[in-house]
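For reference, the structure discussed in these notes is given below.
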Amino acid sequence: MPKCVHLGAKLKCSFGAGPKDMVVLPIAMAMNANKPLAAQMDFIPMLNVPAFGQCKSPLNPMNWKMAGPVPVFVPSSCIPIPIMPWSPVAKKLKLRGFPAMLATSKTMCIWMGSITVDKPGVTNVEAK
């Protein structure tokens with residue numbers, strides 16, 4: 001069974017510079033080692049989903065600078081914009097009325113980056 005995810009889990013983006021810590025507000029009904037567990041709807045940009053350093057997506061318009069009359073690709077600061085809730089999620093375990101997020105959960109950024117869990121931060125909580 002997949003592990004649940006909690007505050008401090010490492011997330012990564014396929015176009016980002018490296019893994020960063022996820023933030024889960026302490027309003028969760030379930031806690032593990034005094035850290036709140038993440039739910040399906042914990043995908044708010046810059047709150048739950050951090051910036052991943054430099055964005056390398058060619059679809060991000062901030063990465064294109066004009067060098068005279070020619071656009072040049074220059075990676076810029078990441079501003080993640082997840083476009084959908086985490087999926088797949090737990091079928092039975094609910095947190096704040098939503099399914100629990102799992103170590104196998106993913107979401108997509110508007111710039112087509114795949115945001116995944118690198119390390120769930122939980123070693124003892126599994127969900128179906």
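The values are calculated or read from the model by the stated rules, or taken from the named source; none is laboratory data. For clarity, every value in this text was computed on a predicted model and none was experimentally measured. Ideal geometry is used to build each Cβ from the backbone, glycine not excepted, and the neighbour counts take in all protein chains shown.
Residues that are surrounded by fewer than 16 Cβ atoms within 10 Å (Cβ to Cβ) and of a type in the set (D, E, K, R), at least 2 per element: which strands (runs of 3 or more DSSP E) completely within segment 52-96 meet that?
Working: elements: 64-67, 70-73, 87-95.
Those strands (runs of 3 or more DSSP E) span 87-95.
Given the options 52, 73, 43, 15, name the one that is under 21 Å from residue 106 (Cα atoms), of a type in the set (Phe, Trp, Tyr) and more than 11 Å from the chain's Cα centre (by Cα).
Values: 52 fails: more than 11 Å from the chain's Cα centre (by Cα); 73 fails: under 21 Å from residue 106 (Cα atoms); 43 fails: more than 11 Å from the chain's Cα centre (by Cα).
The match here is 15.
Under 7 Å by Cβ, and 6 or more places apart or on different chains, what pairs join a residue from segment 47-61 that is touching a residue at least 40 places away in the same chain (Cβ under 8 Å) and over 9 Å from residue 75 (Cβ atoms) with one that is charged (D, E, K, R) and crowded, with 19+ Cβ neighbours inside 10 Å?
Pairs found: 52/20.
Scan segment 97-114 residue by residue and report those that are buried (at least 18 other Cβ atoms within 10 Å of the Cβ) and either of a type in the set (A, V, I, L, M, F, W, C) or in a strand (DSSP E or B) (or both). Write out each step before concluding.
Going through segment 97-114, the residues buried (at least 18 other Cβ atoms within 10 Å of the Cβ) turn out to be 99-103, 105, 107, 109, 111, 113.
99, 100, 101, 102, 103, 105, 107, 109, 111 - these are the residues of segment 97-114 that are buried (at least 18 other Cβ atoms within 10 Å of the Cβ) and either of a type in the set (A, V, I, L, M, F, W, C) or in a strand (DSSP E or B) (or both).
Need the failing condition index for residue 21 against (1) modelled with pLDDT under 95; (2) over 27 Å from residue 72 (Cα atoms); (3) surrounded by fewer than 20 Cβ atoms within 10 Å (Cβ to Cβ), just the number.
Among (1) modelled with pLDDT under 95; (2) over 27 Å from residue 72 (Cα atoms); (3) surrounded by fewer than 20 Cβ atoms within 10 Å (Cβ to Cβ), residue 21 violates only (1).
Looking at (1) within 19 Å of residue 103 (Cα to Cα); (2) modelled with pLDDT of 95 or more; (3) of a type outside the set (A, V, I, L, M), which is the one condition that is false for residue 55?
Failing condition for residue 55: (1).
With respect to residue 8, determine if the residue is at pLDDT below 95, exposed (fewer than 12 other Cβ atoms within 10 Å of the Cβ) and assigned to a loop (DSSP other than H, G, I, E, B).
Values: at pLDDT below 95: yes; exposed (fewer than 12 other Cβ atoms within 10 Å of the Cβ): no; assigned to a loop (DSSP other than H, G, I, E, B): yes.
Against the criterion (at pLDDT below 95, exposed (fewer than 12 other Cβ atoms within 10 Å of the Cβ) and assigned to a loop (DSSP other than H, G, I, E, B)), residue 8 does not qualify.
From (1) more than 20 Å from residue 2 (Cα to Cα); (2) small (Gly, Ala, Ser); (3) touching a Ser or Thr at 6+ places or on another chain (Cβ under 6 Å), pick out the condition that doesn't hold for residue 114.
That leaves (1) as the condition not met.
Inspect segment 80-95 for any residue being touching a Gly at 6+ places or on another chain (Cβ under 8 Å) and either under 18 Å from residue 35 (Cβ atoms) or not acidic (Asp, Glu) (or both) and give the result as yes or no. If you could, list the steps in order and put the result at the bottom.
Taking segment 80-95 and keeping what is touching a Gly at 6+ places or on another chain (Cβ under 8 Å), we get 80.
Right, trim to either under 18 Å from residue 35 (Cβ atoms) or not acidic (Asp, Glu) (or both) and you get 80.
Within segment 80-95, one or more residues are touching a Gly at 6+ places or on another chain (Cβ under 8 Å) and either under 18 Å from residue 35 (Cβ atoms) or not acidic (Asp, Glu) (or both).
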